[in-house]
Amino acid sequence: MGNSASITAARAGVVSPEQRAEGRRAATMAGLRKVLLPAGTAGAALLIWEVTVRVLQIPPVLLPAPSAIWAKLDQLFLPLILKHSIPTITESLIAFVISTVIGIAIAGLLSSSRLLREALYPNVVFFQLIPKIALAPLFIVWLGIGAESRLSFAVFISFFPVVIATLAGLDNVDKSLLRLCRALRASEWQVFRDVRLPFALPYIFSGMKIATTFSIIGVIVGEFITSQAGLGYLILFASAQAETELIFAAITVLCVFGLVFYGAIALAEIYLRRRFGA
Amino acid sequence: MTAVADFLTLNGVSKIYRSGRSEVHAVESADFTIPSGQFLSILGPSGCGKSTLLSMIGGLETPTTGQIRIAGSPVTAPREDMGYVFQDATLLPWFTVLNNVLFPVRLRQGRTSAYRERARELLEMVGLWDFRDKRPDELSGGMRQRVAICRALITDPDILLMDEPFSALDAISRDEMNVALASIWDRFHKTAVFVTHSIREAVFLSDRILVMSRRPSAICHDVTVPFGRPRAAQIERDPVFVQLCSDLRDQIEEGHRA
């Protein structure tokens, strides 16, 4: 037995330190390339934008140069933009959390009951097809012009992707693992907790990533219609004043927030998948 | 455990799959009895219904006719005192080796600390204790299957069911695993039902072999293996071993033609 164990240890693959260092260097280069190439492309695009605006002398009301937008952002961030960023960011985060929880719960429900699934799933898919933005005014009719209607609308548009993705994950579980669970007399809940959910984790995260963007869109649309504060309101206000630089400054903040938000979810995914090896 | 002569009994057990108007007779009228402590192999060509028969003994499928009894009580669902090893190791990729072995305990009672010592004993026995914190995808196929065997033994079951557990392995790992299983057997000495299509494997591991034919899907021979235990890998060169293998091959082919 001792003999066979050492044989299998060798078979598991032992890599020398040199090979490992070599592999790490190659990985770092590939990683740098992956970051630098798109960043360089974006930088070049900004540069072309800047030069075009200056050379063609495009009026700032139509299209301000990136440097002018940056100056505006620098000038107004603390006195004005930050104040409007806070409600937008908070509401997007809340909407995202609610969508994720509701989305996973509904997917869990649909995957656990055949009846519910047959009754609801086609309708869920049908709902996906509705241009949901068109329903935003209804939420104001129902819930008024407060944060509730914006939040509900944002949740409404962002929980669908979570449901669809999670359900795909819960359903695609390796059938042999389910057979094992049956042989071990596992309860439905135990199968969900130990098998279906961990298996669905990558799927859930892909749904959550979509939900980050959708929850921001939902809140901004809500602010366009009703709000007295928030970046959506600020954009609308700036457009009424023909302050195009301010519009772009607000959009820049939204982009940065969206990027950080998405990045945080992507990092959480890497951490969890490493932790649970899914 | 004192030996019980009729620990596992099958009475006229058959399985018929119906789809529309066609019927597939997966297993036809199986009748046999195993005393406790016996290592029984069900040997037959692929598609002869041997895995279906095992699933019914394990309570994963219900017989169309007949009855299966373990220790006197009819089998209607998977039993607590049963360990199951499947064709694939079916380890949970998100659990470590140790937690995979403890998985049945986790399902049964939540807390696993009381079984940690036993898990260590089992993993040491198969030479994998040093790999306890690894994930299944870091192991070779043979190592994964050894973890699956430890998992089946963790709750100290009275009966161990194995469904072609080594058929996905290469020939060398397969021989290794047979030796490993034989030595596990010498220590634990449960009742085992082992499904395989490898004649050599069946003879090396078993006390008794039931040969199944494909058409009809029924048991056509009941063979006793005349070797004692412990068994060394060398018995494969024994003339009696070689003769038994060739007899079994004839019986399987005869079942094939019929």
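The values are calculated or read from the model by the stated rules, or taken from the named source; none is laboratory data. Small disclaimer: the values here were computed from a predicted structure and weren't measured. Every residue, glycine among them, receives a Cβ derived from its backbone with ideal geometry; neighbour counts consider all protein chains shown. For the accessible areas, the whole protein counts, side chains as well, though only heavy atoms, and no ligand, DNA or RNA atoms are used. Shrake-Rupley method; radii C 1.70, N 1.55, O 1.52, S 1.80 Å.
Descriptive notes on the structure:
- J(HN,Hα) series, the stretch B:11-23, from Karplus relation 6.51 cos²θ - 1.76 cosθ + 1.60, nearest Hz, glycine and proline x: 10, x, 7, 9, 9, 10, 8, 10, 9, x, 9, 8, 10
- Heavy-atom accessible surface of the stretch A:75-139: percent carbon and sulfur, 1.4 Å: 79 percent
- Between 0 and 90°, nearest 10: helix A:2-11 axis offset from chain A longest Cα axis: 30 degrees
- From phi via Karplus (6.51, -1.76, 1.60), per-residue ³J(HN,Hα) for the stretch A:86-98 in Hz, x at Gly/Pro: 4, x, 4, 5, 4, 5, 4, 5, 4, 4, 5, 4, 4
- The amide H of B:TYR84, built 1.01 Å from its N in the peptide plane, has B:LEU161 as neighbours under 5 Å, considering only residues 5 or more places off or on other chains.
- Exceeding the 29 Å Cα-Cα cut-off - candidates A:LYS132/A:LYS209; A:LYS72/A:LYS209; A:LYS83/A:LYS209: A:LYS72/A:LYS209
- Acute angle (nearest 10 degrees) that the helix A:197-226 long axis makes with the longest principal axis of chain A, alpha-carbon atoms: 10 degrees
- Rounded to 0.05, the FRET efficiency of the A:VAL61 and A:ILE86 pair, given R0 = 25 Å and the Cβ-Cβ distance, is 0.35.
- GNM top mover of A:SER227, A:SER149, A:SER176 - chain A, alpha-carbon springs below 10 Å: A:SER176
- In this view, the solvent-accessible surface of B:THR96, computed with a 1.4 Å probe and all protein chains in place, comes to about 20 Å².
- GNM remark for chain A: springs join alpha carbons under 10 Å apart, and the peak mean-square fluctuation among A:ALA238, A:ALA95, A:ALA42 falls on A:ALA42.
- In this label model, A:GLU50 and A:GLU148 are separated by 4.9 nm, measuring between points 7 Å along each Cα→Cβ vector.
- Qualifying trypsin sites (Lys or Arg not before Pro) in the stretch B:109-147, DSSP loop, other Cβ atoms within 10 Å at most 12: B:ARG111
- Angle in degrees between helix A:114-129 and the longest Cα principal axis of chain A, rounded to the nearest 10: 30 degrees
- Each of A:LYS34, B:LYS50, A:LYS72 has its accessible area taken with a 1.4 Å probe; listed largest first, they run A:LYS34, A:LYS72, B:LYS50.
- Accessible surface, per residue, of chain A when the full set of protein chains is kept, probe 1.4 Å, Å²: 56 Å²
- Dipole magnitude (debye, nearest 20) for chain B, charges at Cβ of Lys, Arg, Asp, Glu: 600 debye
- Theoretical FRET efficiency, 1/(1+(r/R0)^6), r = Cβ-Cβ of A:LYS175 and B:ASP238, R0 41 Å, to 0.05: 0.50
- Relative contact order (percent, whole number), chain B, Cα cutoff 8 Å, 6+ residue spacing: 24 percent
- Fully extending the segment from A:VAL256 to A:GLN19, taken as 0.36 nm per residue of separation minus the present Cα-Cα distance, adds 81.4 nm.
- Each Cα pair under 8 Å and six or more residues apart adds its separation to the average, and for chain A the resulting relative contact order is 24 percent.
- Relative contact order of the stretch B:1-103: 27 percent, from C-alpha pairs under 8 Å at least 6 residues apart in sequence.
- Accessible area of chain B belonging to carbon and sulfur atoms, whole % at 1.4 Å probe: 48 percent
- Within the stretch A:182-204, the residues that become at least 40 Å² less accessible when every protein chain is included than when their own chain is isolated (1.4 Å probe; DNA, RNA and ligands ignored) are A:ARG182, A:ALA183, A:LEU184, A:ARG185, A:GLN190, A:ASP194.
- Computed [θ] at 222 nm, deg cm²/dmol, chain A (DSSP H ≥ 4; -39,500 (n - 2.57); rounded to nearest 500): -28000 deg cm²/dmol
- Spatial separation of Cα centroids for the stretch A:133-200 and the stretch A:230-278, in angstrom: 24 Å
- Heavy atoms of B:ASP186: accessible area, 1.4 Å probe, square angstrom to 10: 60 Å²
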